[in-house]
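Here's the structure, in structure tokens; my notes come after.
FYI, it's all coordinate maths here, none of it is from the lab. Because the structure is predicted, anything quoted here is derived from the model rather than measured. Methodologically, a virtual Cβ is constructed for each residue, glycine included, from the backbone with ideal geometry; neighbour enumeration extends over all protein chains shown.
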Amino acid sequence: MNELHKVLFRDDRDTASMPIVISSRIRLARNLKGCKFPRHSTRMELSRVAETCKSILLGCKLLKDPKIFAIDGLSATERCALVEAHLCSIELSKSEFGAGLLVANGNSSAIMFNEEDHLRLQVFRQDLDFKAMWLSISELDDYIAHSTNIAYDANFGFLTSCPTNVGTGMRSSVMLHLPGLAITSQVNAVINAVQKLGFVVRGLFGEGTSASGSIFQISNQYTLGLSEIDIISRLYQVIISVIANEELARKWLLKNKSLAVRDNIGRSFGALSWSHTMGSEEAISHLSNMRLAVDYGFLPQAWRAGLDCLLVNVQPSHIQLANDKQLPTDERDIQRATAIRKFFEKMPSLKF
């Protein structure tokens with residue numbers, strides 16, 4: 001297995017897991033002083049920025065076992081797989097020259113360079129420990145600031161390609177599994193309330209994508225005029241409120257729609273265990289029900305991490321890379337169902 005495959009294919013032994021929360025992220029946008037933003041740069045300028053970024057990052061002892069991938073050296077399938085793994089943005093995956101991705105610290109750190117900004121630092125966790133994430137990314141940010149001149153204005157803060165990032169340059173986000181709110185038709189009301197507080201709600205793969213499997217990403221919308229601690233604190237309070245609403249919805253479902261809940265979960269368990277062809281959207285929907293089954297105690301808690309890995313590993317590009325060839329849709333669906341059946345051979349029976 002090559003280095004990219006090691007990064008892409010998740011292992012449940014290295015994956016933490018908790019109910020409702022799938023993952024959290026803090027991202028910082030930074031630009032080199034005196035250099036044009038990537039969208040307005042020549043190939044030579046992009047190349048110089050890329051070499052500067054790589055030199056700085058590879059010299060950073062905070063980044064353990066770093067792996068750098070030049071985006072223009074990857075196939076379309078490999079690029080899409082990085083998006084599926086939530087390691088890079090859709091925009092970076094479409095870059096043609098000078099763009100790259102560094103992944104380190106067991107996939108808990110991923111740094112994009114020459115995306116919309118020269119550098120986009122990212123740290124991830126599978127819980128809500130924003131303090132740990134902030135300490136980690138702040139230390140990395142300090143190292144970079146001491147290694148080169150960063151574009152900064154005393155009045156506006158960090159200067160970024162997109163005006164909405166000016167200020168701290170921070171985007172903090174949490175990916176949540178909200179089937180209770182979705183099933184009880186409360187999710188739109190919750191989303192509207194969250195948006196009125198100045199936060200953005202997106203789908204499984206970020207901006208412009210749908211909330212497949214009742215999975216939503218919530219992030220801050222503004223950074224100007226707010227400190228990093230303000231942003232993190234405000235997001236944390238919003239997330240805690242959304243989680244509380246999801247927990248109430250789940251309790252209501254189990255009390256008032258118990259038969260329907262068990263029937264839905266049981267049907268998904270059967271489909272995942274026995275189907276010989278399955279599309280990615282159907283797979284995500286069924287796996288969402290299995291995650292809910294674990295949270296309800298119908299399956300052992302230890303299986304949630306494996307289900308989270310499977311949610312990524314059955315995506316279209318991951319299926320093609322696992323089979324080491326381009327596959328038409330119908331063949332991908334067959335291979336996906338095969339991989340899922342193999343996983344479910346070891347799954348214990350549901351305990352209702």
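Across bins of 10 angstrom width beginning at 0, how are the C-alpha pair distances of segment 260-352 distributed, in whole percent?
17, 52, 25, 6, 0
Return the sequence-ordered ³J(HN,Hα) values of segment 262-273 in whole Hz as given by the Karplus equation 6.51 cos²θ - 1.76 cosθ + 1.60 applied to θ = phi - 60°, using x for Gly and Pro.
Values, residue by residue: 5, 5, 5, 5, x, 5, 5, 4, x, 4, 5, 7 Hz.
Between residue 255 and residue 338, what is the label-point separation in nm under the 7 Å Cα-to-beta-carbon projection?
The answer from the label model is 4.8 nm.
What whole-number distance in Å separates the alpha-carbon centres of segment 102-165 and segment 25-96?
12
What's the ranking of 83-90, 135-142, 46-53 by average number of surrounding C-beta atoms within 10 Å, highest first?
Order by mean packing, descending: 83-90, 46-53, 135-142.
Taking the Cα atoms only, what angle lies between the long axis of helix 228-256 and the longest principal axis of the chain, rounded to 10 degrees?
Rounded to the nearest ten degrees, it is 10.
Excluding residues on the same chain fewer than 8 positions from residue 131, give the lysines whose Cα lies under 23 Å from its Cα.
61, 64
Scattering from the C-alpha atoms of segment 58-194 alone, worked out with Debye: what is log10 I(q)/I(0) at q = 0.09, 0.12, 0.22 1/Å?
-0.34, -0.59, -1.43
Excluding same-chain residues fewer than 8 positions from residue 36, which lysines have a Cα within less than 21 Å of its Cα?
54, 94
Rounding to the nearest 10 and keeping the result within 0 to 90°, find how far the Cα-based axis of helix 43-58 lies from the longest principal axis of the chain.
With rounding to tens, the tilt is 70 degrees.
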